[in-house]
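J.: Got a structure here, written out as structure tokens. Questions coming.
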Amino acid sequence: EKWGWPMGPALLMDVVGMEFGRASRFVGQLSLVLGVGVLVLSLPAGRLADRLGRRPLVLAASLLAAAGTGLILVARTEPMLFLAGAMLGVAVGAWQSANWALITDIVPAAHAARYLGLANIATAGGSLVGRSAGALLVDPLNRLADSQSVGYLALYSLTLVMFLLATNELGTDG
């Protein structure tokens, strides 16, 4: 039964042609690459945000995330997927640092705890909503196409569009 397999291995098996065991190990390795990217960039990104400005760094991180997501859509080899994972890890590390710095700059000092708490809820809640909405998109598309990957590729495509919309918004004065 292919339905219900974890996202990463199912996608890698269908798109890249990996065996289940290799795909499962690869997901763990890719998680490590993402985590290292976040770890390595989080602190330097704070300094970069101080030097270059918060908004430009959030914009650059969003563009890098869009590029990494786009690479996932076309990558068919392990090295390319590792590169995409590294790009996303670096983007997340830079984005988190610069975004939190931006938030602390714009919230009223007298109500900082309230606004920072709301921003934290929005960040965590966005992940929850994304996972739930993703499942509503992925499973029906996979079943409709009798595929393990069509739904995931659609979800990554939607993610790419959202990154591009965000960068468009960040690139304006609004």
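The values are calculated or read from the model by the stated rules, or taken from the named source; none is laboratory data. As the structure is a prediction and not an experimental result, all values here were calculated from the model. Ideal geometry is used to build each Cβ from the backbone, glycine not excepted, and the neighbour counts take in all protein chains shown. Please note that ligands, DNA and RNA were not included when accessible areas were found on the heavy atoms of the full protein model with its side chains. Shrake-Rupley method; radii C 1.70, N 1.55, O 1.52, S 1.80 Å.
J.: Within the accessible area of the chain, what % is carbon and sulfur when the probe is 1.4 Å and the other protein chains stay in place?
T.: 68 percent
J.: Have a look at Val107, Gly125, Gly151 and report the one farthest towards the positive end of the charge dipole of region 93-174, computed about the Cα centre with Cβ charges (Lys/Arg +1, Asp/Glu -1).
T.: Gly125
J.: Indicate the gyration tensor shape class of region 21-85 (rounded, prolate or oblate), computed on the Cα atoms with a ≥ b ≥ c the square roots of the eigenvalues: a/c under 1.5 is rounded; otherwise a/b larger than b/c is prolate and the rest oblate.
T.: In terms of gyration-tensor shape, oblate.
J.: For region 87-174, give the magnitude of the charge dipole about the Cα centre (Cβ charges: +1 Lys/Arg, -1 Asp/Glu; no others), in debye to the nearest 20.
T.: Its charge dipole is roughly 220 debye.
J.: Starting from the Cα coordinates of the chain, work out the convex hull volume and express it per residue in Å³.
T.: Numbers: hull volume 21.1 nm³, N = 174.
Once divided by residue count, the hull of the chain is 121 Å³.
J.: When the dipole is taken about the Cα centre of the chain, and only Lys, Arg (+1) and Asp, Glu (-1) are charged at their Cβ, what size is it in debye, to the nearest 20?
T.: The dipole of the chain has a size of about 300 debye.
J.: In addition: Going by the alpha-carbon gyration tensor, a ≥ b ≥ c the square roots of its eigenvalues, is region 71-139 rounded (a/c under 1.5) or, if a/c is not under 1.5, prolate (a/b greater than b/c) versus oblate?
T.: Since a/c reaches 1.5 but b/c is at least a/b, the shape of region 71-139 is classed as oblate.
J.: Rounded to whole Å, give me the distance from the Cα center of region 3-58 to that of region 90-122.
T.: 22 Å
J.: While we're looking at this one, here's another question. Under the rule of -39500 (n - 2.57) per DSSP H run of 4 or more residues, summed and divided by the residues of the chain, what mean residue ellipticity at 222 nm is obtained, to the nearest 500 deg cm²/dmol?
T.: -29000 deg cm²/dmol
J.: Got a number for the accessible area of Asp50? Probe 1.4 Å, square angstrom, nearest 10.
T.: 110 Å²
J.: What ³J(HN,Hα) values, in whole Hz, does the Karplus curve 6.51 cos²θ - 1.76 cosθ + 1.60 give for region 45-51 when θ = phi - 60°, with x put for Gly and Pro?
T.: 5, x, 5, 4, 5, 5, 7
J.: Please give the per residue accessible area of the chain, computed with a probe of 1.4 Å over protein heavy atoms only, in Å².
T.: 57 Å²
J.: Compute the Cα gyration tensor for region 105-171, then decide on rounded, prolate or oblate, letting a ≥ b ≥ c be the square roots of its eigenvalues: rounded whenever a/c is under 1.5, prolate when a/b is larger than b/c in the other cases, and oblate in all that remain. Provide the component values of the computation, followed by the final result.
T.: Values: a/c = 6.50, a/b = 2.20, b/c = 2.95.
Since a/c reaches 1.5 but b/c is at least a/b, the shape of region 105-171 is classed as oblate.
J.: Scan region 1-86 for chymotrypsin sites (Phe, Trp or Tyr not before Pro) in coil per DSSP, keeping those whose Cβ has at most 13 other Cβ atoms within 10 Å, and list them by number.
T.: Trp3
J.: Also: Report ³J(HN,Hα) in whole Hz for each residue of region 35-44, in order, from the Karplus equation J = 6.51 cos²θ - 1.76 cosθ + 1.60 where θ = phi - 60°; Gly and Pro get x.
T.: x, 5, x, 5, 4, 5, 8, 4, 6, x
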